[in-house]
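Just below is one structure, and these are the notes that go with it.
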Amino acid sequence: MSEQRTILHLDLNAFFASVEQQANPELQGKPIAVVGGGGRTVITTSSYEARAKGVKTGMAIWEGKRACPELIIVIGDNRKYTYTSSRIMQMMQDYTPDVEVFSIDEAWLDLTHSLSIFGTAERIAHLLKARILQSFGLKCSIGIAPNKLLAKLASDMKKPEGFTTILPEDVSRIM
Ligand SMILES: [Mg+2]
């Protein structure tokens, strides 16, 4: 008999843009777009304020400005993102030793053996959300499911600040 697994996928919302808004209060609540250094002109991430005006990842700066004339361009600082990411990933280790980093702003946590300590996956999700918000000022979307693929799908369902659970009995319907 195979064991029922509980996987949590966490996705930091608009990560680069949110880190910049936290680092500089003047950027908070404003439409900003992060572009790579070295004269690159493509938008890598934008804040939700910018997205609301039609700014999208992959747009050139001029396209972003056409969609949103008040768009503020911020040159990305990878060291800042890597540092913040590694601290958040480290925090995840408080809930399970089984953390699989997928990218700078996404990871899976296998909670299968953590539930006897923390109770429910929902409780761990709420703790993580609260701690990430309190310590870093960042929001995230979380999905919980019996496997990695569905957990990622679940975290994608609601952004920003989503929380979605796919139960084992729903799996066949969704697949
Ligand atoms: Mg993200």
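The values are calculated or read from the model by the stated rules, or taken from the named source; none is laboratory data. Source: prediction; values computed, not measured. Every residue, glycine as well, gets a Cβ built from its backbone with ideal geometry; the counts of neighbours run over all protein chains shown.
Table for the structure above
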quantity: Count of residues meeting criterion [out of contact with any strand residue (DSSP E or B) (no Cβ under 8 Å at 6 or more places or on another chain) and loosely packed, with under 15 Cβ neighbours inside 10 Å] in segment 86-95; calculated: 4
quantity: Count of segment 118-175 residues which are part of a helix (DSSP H, G or I) and of a type outside the set (Ser, Thr, Tyr); calculated: 31
quantity: Qualifying residue in segment 3-14 (condition: among the β-branched types (Val, Ile, Thr), farther than 25 Å from Arg123 by Cα, away from the ligand (no atom under 14 Å from the Cβ) and in contact (Cβ under 8 Å) with a residue 12 or more places away in the chain); calculated: no
quantity: In segment 134-172, the residues that are within 15 Å of Phe15 (Cα to Cα), away from the ligand (no atom under 15 Å from the Cβ) and of a type outside the set (Ser, Thr, Tyr); calculated: Gly137
quantity: Number of positions in segment 49-64 that are within 20 Å of Gly29 (Cα to Cα) and in a strand (DSSP E or B); calculated: 0
quantity: Answer residue from segment 101-122, given it is over 14 Å from Ala145 (Cα atoms) and surrounded by 13 or more Cβ atoms within 10 Å (Cβ to Cβ) and is farthest from the ligand (Cβ to nearest atom) among those; calculated: His113
quantity: Residues being in a helix (DSSP H, G or I) and more than 16 Å from the ligand (Cβ to nearest atom) - total across segment 15-48; calculated: 4
quantity: Check on Asp98, in contact with a strand residue (DSSP E or B) (Cβ under 7 Å, 6 or more places away or on another chain), outside the structural domain of Glu20 (by TED's automatic domain parsing) and under 16 Å from Asp11 (Cα atoms); calculated: no
quantity: Subset tally (residues that are under 13 Å from Thr6 (Cβ atoms) and part of a helix (DSSP H, G or I)) for segment 90-117; calculated: 3
quantity: Ile73 within 16 Å of the ligand (Cβ to nearest atom) and not in a loop (DSSP other than H, G, I, E, B); calculated: no
quantity: Members of segment 70-92 that are over 20 Å from Gly38 (Cβ atoms) and either charged (D, E, K, R) or in contact with a Leu (Cβ under 9 Å, 6 or more places away or on another chain) (or both); calculated: Glu70, Thr84, Ser85, Arg87, Ile88, Met91, Met92
